[in-house]
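Encoded as C-alpha cells, the structure appears first; notes follow it.
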Number of protein chains: 2
Amino acid sequence: MSDNEYSGLSCPIPISEYPHVLLAHGGGGKLMHQLIEKIFTAAFANPMLETAHDGAVFKADSDRLAFTTDSYVVDPLFFPGGDIGKLAVDGTVNDLAMCGARPLYLSCGFIIEEGFSMDSLWKIALSMKQAADEAKVSIVTGDTKVVDKGRGHGLFINTAGIGSIGHDLTIAPSMVQPGDAVIVNGDIGRHGMAIMAHRESLSFETTIESDCAPLADTVMRLLDEDIEIHCLRDLTRGGLAASLVEIASVSGYRIAVEESKIPVVDQVRGACEILGFDPTYVANEGRMVIFVPKKEAEKALAVLRDQGLWPEAAIIGRVGDERTGIVTMKSLIGAERIVDMLSGEQLPRIC
Amino acid sequence: MSDNEYSGLSCPIPISEYPHVLLAHGGGGKLMHQLIEKIFTAAFANPMLETAHDGAVFKADSDRLAFTTDSYVVDPLFFPGGDIGKLAVDGTVNDLAMCGARPLYLSCGFIIEEGFSMDSLWKIALSMKQAADEAKVSIVTGDTKVVDKGRGHGLFINTAGIGSIGHDLTIAPSMVQPGDAVIVNGDIGRHGMAIMAHRESLSFETTIESDCAPLADTVMRLLDEDIEIHCLRDLTRGGLAASLVEIASVSGYRIAVEESKIPVVDQVRGACEILGFDPTYVANEGRMVIFVPKKEAEKALAVLRDQGLWPEAAIIGRVGDERTGIVTMKSLIGAERIVDMLSGEQLPRIC
C-alpha cells in the first residue's frame, strides 16, 4: 500500500502483544472476535458488517444482478503499484464490471498462515478499504481462517462480489458480432512484469508499476453514453492473448488484431525482451478488451480518452465474419500468425 | 463422499495423464481451461456456468437478499459423514439460512496445492454437486488457483452465497427478546469429535459421524408455519457456547441454559470425557440455535420434530430480562455458572 489516506493509521491490535497471527486467531473464540473486530470491522467500517451476523442483508436496486468470485494468491503480497488487498478488491470489482454490472457489495475470506505479521494484515486491510472506497463498493461480510505454519503462504484472500445491472444489454462473449471493433483501454503487460521484476529482484532504470486499477467506472461511463457494448473481458492470467482466444472460441468468429496497434510501454517491452516473454501473454489487472460495433468504435475511444482517463486506449483489431473461432495477429513486419493459448502460465501466482 | 448418486462417475481427466494438479493448471492457459471444463463445469453442470463469462448474471426473485462467505480449510479433507466439498456447500447454505434466506446461488474458489490428487479433486467436486442438489442451490461462478507445493495444504475452498428473503422478519442477534425460548435442532458436538477422532486415529466402538447437513429447508419450514423467529445461529467454530455468548453480548440480555436439556449422544459424551473436551465448545456443522417467543416454542419444536426431521430437537433454555449480556448454565447437579468464550479453539482447522 503506497501513500493513501489510511496509511498513517497504526495497527489497533498492539504489535508488542500480538506481533504475529496465531492459530487461535482462527479458532472461533475471543482472539478471533478481537481480530475481526479490531482489524477487519475497524478497517472496512460499514453498518452491515457491524451487525455481527452470519451474513449481510441488503435490498437490491435492480432485479438483474451479477455474481462473481476470485481467490488471490499473489506472491509477493506487496509489489510496486499495489498489494494483495488492492488486487483482491479491484480484481473482483473488474469481474463484475465485465458483466456490465455496477459493483455493490464484496465479501472477503482470509486464509492466514500462522505467524503472519499482524501489522502486514492491518496494512492489507487498509489497502482493501482504500480500494473499496475508490471502486464505490462496501465489504459487507467475511470470514477468517488460520492454517498451521508451513501449510499456507502468508495470506490468501478470496473476494466475491455482487453488482447490479441497470441496462438491458447482454454483455458476453456470445454477443460478439462480425465487424465489431476490438478496443483495449491501455498499455498491456505491466502487472505481470511488475511482479516478475520484484520477485526476481531485477531492477530497471525506473520501477515498473502494476496497472492494478478498478474498471467499473469506465464501463459505467461507456454505458451511460449508450454505447452498445457486445463483450468485455479483463486481461488477467494469460493476458490479452488468452482472453481473445477464449472469446473467439465462444463467439465462433475470427478475431484479427494488429501487433503494431497494441500499446506496450518501452519499459515493459524491454523487460519482456530481456526475459523472453511475449507481452500479449503477460497478466494485467486494470486492462480490458471492449467489443463494440464498428460504427461506435470512435465514440467509445473518445469516452475512454476523455479527461485523460485512458490516454493509451486503442483500437487493436476487429472481428471477421469467418466462422473459424480463432485469433490471428498481424506482426510488425506484416506476417499473419495464429495466436494460441499457452499451456500454463509464464509466471505462477501472478494474482 | 460416501455412497451418493454421483460416486460411480470416474474422473473425466485421465488419471494416467494427469494424476496430480500442476502449477500450470492455475495458469490461465489451456490446462486451466481443461481443468475447469472437465472437472468443475462437468460436475456442477448448470447453464450459468457454461457461459464461460467472468461472472454469473441472474434475476433476483426478491428485492431483499442475503450475502455471505466462508473459507474451508478442514484437515483431513475426507472424514466420517462428509468431506471438505460437502462442508463448503452446507456451511455457506447454513449461513444464508441463519439470515432467514432461501439459498439461491453459490460461488466457489479453489486454492489447490501443486501435486494434489486429480481424482480427489473430482470426488470433492461431485460431493459439492450432491450437497448443492440437496440444498437446492446452484454453483454458478468460480475460480481456480494453484499454489506451489509446500505453500498450501491439499485444498482450500471458499464459497460465497446469495439467498432471497421472502418475509418481513428481521432475524438477528439484536432481535432477541426477554422470554424467548432457546431451541437447538439436535445433539451437539459430533462434527468436531468426528474430525478429532479421525485425525488422531482414535477408534471407538462405532465411528462418530459429522453432523454436517444443510439447514435451509428446516428454516423455510419454520417460516412457512409463520413462526416468529427472532434469531438463528449455526453452531460452528466455538460450538454452542461461543454462539450463545455472542448472541447474549449483542442482544444485551442474559441467556440461561440447562445442561441437562442439551442433547449429546453417548459416543460424543464419552469421547469428550476421554479427551478432556466440553461438548458445548465443540464445533457442529448441521446444528443451530433458534430463538422464538415462549408462546411459539412448542409449535416450533413440533415443526422440527415433524416426520422425524430433527427428533432430538430440544428447548435448552430461555432469555432472561436481566440486561447483563451473559450466558449462564445450570449444571447437572443444579449449580449455575457463567459460560465464557474460549480464547482460541480446542481443535484447529475444524472447518
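Would you check if residue B:138 is of a type in the set (S, T, N, Q), farther than 14 Å from residue B:49 by Cα and touching a strand residue (DSSP E or B) at 6+ places or on another chain (Cβ under 7 Å)?
No, not satisfied.
Specify which of the listed residues (B:149, B:145) is over 19 Å from the mean Cα position of the chain (by Cα), surrounded by fewer than 24 Cβ atoms within 10 Å (Cβ to Cβ) and either within 22 Å of residue B:14 (Cα to Cα) or modelled with pLDDT under 95 (or both).
After ruling out the rest, the residue left standing is B:149.
Being touching a residue at least 60 places away in the same chain (Cβ under 8 Å) and farther than 18 Å from residue A:231 by Cα narrows it down to one of A:331, A:343, so name that one.
Working: A:343 fails: touching a residue at least 60 places away in the same chain (Cβ under 8 Å).
Sole residue among the options that is touching a residue at least 60 places away in the same chain (Cβ under 8 Å) and farther than 18 Å from residue A:231 by Cα: A:331.
Mind checking whether some residue in the stretch B:208-231 is of a type outside the set (A, V, I, L, M, F, W, C), assigned to a helix (DSSP H, G or I), more than 22 Å from residue B:309 (Cα to Cα) and under 23 Å from the mean Cα position of the chain (by Cα)?
No.
State the number of residues belonging to the stretch A:32-54 that are crowded, with 17+ Cβ neighbours inside 10 Å, within 12 Å of another protein chain (Cβ to nearest Cβ) and at pLDDT 85 or above.
4
Considering only the stretch A:1-21, state which residues are open to solvent by 80 Å² or more (accessible area, probe 1.4 Å) and at pLDDT 90 or above.
Result: A:10, A:16, A:17, A:20.
Which ones in the stretch B:183-205 are of a type outside the set (Gly, Ala, Ser) and closer than 12 Å to residue B:279 by Cβ?
B:184, B:187, B:188, B:190, B:191, B:193, B:196
Given A:256, A:300, which one is open to solvent by 10 Å² or more (accessible area, probe 1.4 Å), in contact (Cβ under 8 Å) with a residue 24 or more places away in the chain and either in contact with a strand residue (DSSP E or B) (Cβ under 7 Å, 6 or more places away or on another chain) or outside the structural domain of residue A:319 (by TED's automatic domain parsing) (or both)?
Among A:256, A:300, only A:256 is open to solvent by 10 Å² or more (accessible area, probe 1.4 Å), in contact (Cβ under 8 Å) with a residue 24 or more places away in the chain and either in contact with a strand residue (DSSP E or B) (Cβ under 7 Å, 6 or more places away or on another chain) or outside the structural domain of residue A:319 (by TED's automatic domain parsing) (or both).
May I ask you to verify whether residue A:180 is among the charged types (D, E, K, R), open to solvent by less than 70 Å² (accessible area, probe 1.4 Å), closer than 30 Å to residue A:275 by Cα and touching a residue at least 12 places away in the same chain (Cβ under 8 Å)?
In short, no.
Can you name the number of the only condition in (1) within 7 Å of chain A (Cβ to nearest Cβ); (2) open to solvent by 10 Å² or more (accessible area, probe 1.4 Å); (3) touching a Pro at 6+ places or on another chain (Cβ under 9 Å); (4) not in a loop (DSSP other than H, G, I, E, B) that residue B:66 fails?
(2)
Could you check, for the stretch B:75-94, whether at least one of its residues is open to solvent by 10 Å² or more (accessible area, probe 1.4 Å), within 12 Å of chain A (Cβ to nearest Cβ) and either part of a strand (DSSP E or B) or not polar (S, T, N, Q) (or both)?
Checked against the condition, which is being open to solvent by 10 Å² or more (accessible area, probe 1.4 Å), within 12 Å of chain A (Cβ to nearest Cβ) and either part of a strand (DSSP E or B) or not polar (S, T, N, Q) (or both), the stretch B:75-94 yields at least one hit.
Which of (1) closer than 25 Å to residue B:119 by Cα; (2) crowded, with 21+ Cβ neighbours inside 10 Å; (3) at pLDDT below 95 is the odd one out, the single condition residue B:172 does not satisfy?
Among (1) closer than 25 Å to residue B:119 by Cα; (2) crowded, with 21+ Cβ neighbours inside 10 Å; (3) at pLDDT below 95, the lone unmet condition for residue B:172 is (1).
Loosely packed, with under 15 Cβ neighbours inside 10 Å and either closer than 30 Å to residue B:227 by Cα or not assigned by TED's automatic domain parsing to the domain that holds residue B:188 (or both): does that describe residue B:295?
yes
I'd like to check something: does the stretch A:230-242 contain any residue that is surrounded by fewer than 23 Cβ atoms within 10 Å (Cβ to Cβ), at pLDDT 95 or above and basic (Lys, Arg)?
no
Please report, ordered by residue number, the strands (runs of 3 or more DSSP E) entirely within the stretch A:128-202 with at least 1 residues that are facing chain B (nearest Cβ under 8 Å) and at negative phi.
Counting at least 1 such residues, we get A:138-147, A:155-164.
Test of understanding: among A:248, A:271, which residue is modelled with pLDDT under 95 and surrounded by 23 or more Cβ atoms within 10 Å (Cβ to Cβ)?
A:271 is the lone residue from the list that is modelled with pLDDT under 95 and surrounded by 23 or more Cβ atoms within 10 Å (Cβ to Cβ).
Hey, among the residues in the stretch A:97-142 that are within 21 Å of residue B:160 (Cα to Cα) and of a type in the set (Phe, Trp, Tyr), which one's most open to solvent (accessible area, probe 1.4 Å)?
This residue is A:105.
If only one of A:86, A:38 is basic (Lys, Arg) and without any contact (Cβ under 8 Å) to a residue 60 or more places away in the chain, which one is it?
So the residue among A:86, A:38 that is basic (Lys, Arg) and without any contact (Cβ under 8 Å) to a residue 60 or more places away in the chain is A:38.
Can you give me the number of residues within the stretch A:312-332 that are touching a helix residue (DSSP H, G or I) at 6+ places or on another chain (Cβ under 9 Å) and exposed (fewer than 12 other Cβ atoms within 10 Å of the Cβ)?
2
The values are calculated or read from the model by the stated rules, or taken from the named source; none is laboratory data. These numbers were taken from a predicted model, which means no experiment stands behind them. No Cβ is skipped: glycine too gets one built from the backbone with ideal geometry, and neighbour counts run over all protein chains shown. These area figures cover heavy atoms from the full protein model, side chains too; ligands, DNA and RNA do not enter into them. Shrake-Rupley method; radii C 1.70, N 1.55, O 1.52, S 1.80 Å.
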